[in-house]
1. Please order 412, 314 by the number of other Cβ within 10 Å, starting at the fewest.
2. Distance in nm between label sites at residue 344 and residue 260, each 7 Å beyond Cα in the beta-carbon direction?
3. Arrange the following residues from fewest to most other Cβ atoms within 10 Å of their Cβ: 241, 430.
4. As an exercise, find the ratio Rg/Rh for region 36-133 from alpha-carbon atoms, using the Kirkwood inverse-distance average for Rh.
5. Round to a whole angstrom and tell me the spacing of the C-alpha centers of region 33-60 and region 318-340.
6. To two decimal places, what compactness ratio does region 153-250 give when its Cα radius of gyration is scaled by 2.2 N^0.38 Å?
7. Whole Å is fine, so just give me how far the alpha carbon centre of region 351-386 lies from that of region 214-228.
8. Let's test the formula: R0 of 25 Å, r as the Cβ-Cβ distance of residue 222 and residue 164. What FRET efficiency results, to the nearest 0.05?
């Protein structure tokens, strides 16, 4: 039997041996010649595996570790590992593999180069869409670092877990970072709709959630929960719940409810317009309780224009009125005061009003006393409407030089608002709150009522509040019995009540020196000086 079939068996062994060694070469030669690629090795099996495939075409340079394909049928060609450099021209889209088969890819590094941009993607996978683990995108010299993401096969939709880019602002402010990292998370963009949705956005002290951006001549969109955490703004984070915006080459427009804020970074300028009620409604969630009132309680408008460059410029127009029958003004008009004061052991609630032991009625306070406080604290008190624009301009100039909010430019009305409803921290937020509350006070109270409240709530030393307790403490007198130099001493304590020099230790003499300087400057009449100093010119030489 062996003799009968032996020749055939030998022939079969020869054919298998030849096929084993010859067929890979034949397949390798066919693939290289037909598809214009180079193959390092062919491994027969099902599917056929090509190792070390090199592609060199005009728009594609690739070195693929492994390519798997079935000899017959329409099963996808599978690529495992390697690199691909794609040169993209025009709007051409990737083509299917030769023979009409689709391509599946895993674990590639893909570099795409087009007009004005370059992408370098790691962990690139291809099946029903393009997906990658990380990468970079470079355009106009700016590099964007990409987290995991995906792109639809028609190149119309893009999704990203995250992206970061170094960004330099077109302006510089003291203690404000001019360079930082812009980071976005959970991004979904649609090329056809020219829009993108961003789950989270952050840049330096600014964060936002649920941002939607649309591309037109510039960019426009809306953002929710915009949070700013910077010591210039407030001592802690402040959050604006909803904000609309438009961006173009000249700057930005920000819409908070119905208020409009224009930002011109190149000229360090910000301007805004809106009704008083709309401004109050647009305030951050963390605003003080006194401003958590219905916007309908306000009438009038506020317009401002600020340039924070050089000496600084401020234009500020307002005519806000408050509904005086509503809190927080209702109780004040009734002579009832309740507020949080600073004590040596922390904040404590202080209650007082007309008729209480610590209360000094304005009718019982001598003009010389009110003259001292108005002269030193707010010379324009009787004529302004709660805010002095020139004082704000001066404080802006000084603060820009110092790089922090050091000088506030507050009027007596603003100081009263601060003492009643705000904390001591010198921030932009507090100045805004202070201005709004000062307008409310001026619209509901007379100047005499404001001055009376002020003198009864301000601090004259540690745990010492109100002019009546201060007069008793320092001079053992009633307010009506104070001498001019004693009144000026008390007024002189207000900027720094925690550092008062007692009257008997030079504090009273310091007040007299200050009064002499005020007489020389023409701020007060010499009748306020002690009699022995007005009888001759000796008071000028006592300095």
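1. Values: 412 26, 314 19.
Fewest-to-most Cβ neighbours within 10 Å comes out as 314, 412.
2. It works out to 5.6 nm between the two label points.
3. Working: 241 13, 430 22.
With the sparsest Cβ surroundings first, the list reads 241, 430.
4. Answer for region 36-133: 0.96.
5. Cα centroid of region 33-60 versus Cα centroid of region 318-340: 84 Å apart.
6. On the way: Rg = 14.6 Å, N = 98, 2.2 N^0.38 = 12.6 Å.
Against the empirical 2.2 N^0.38 Å value, I get 1.16 for region 153-250.
7. 48 Å
8. Details: r = 23 Å, r/R0 = 0.91.
Computed FRET efficiency for residue 222 and residue 164 comes out at 0.65.
Read the figures in this text as sums done on the coordinates, not as results from a lab. Keep in mind that what you see is a predicted model, and the values were worked out from it rather than measured. Counting neighbours? That spans all protein chains shown, and the Cβs are built from the backbone with ideal geometry, glycine included.
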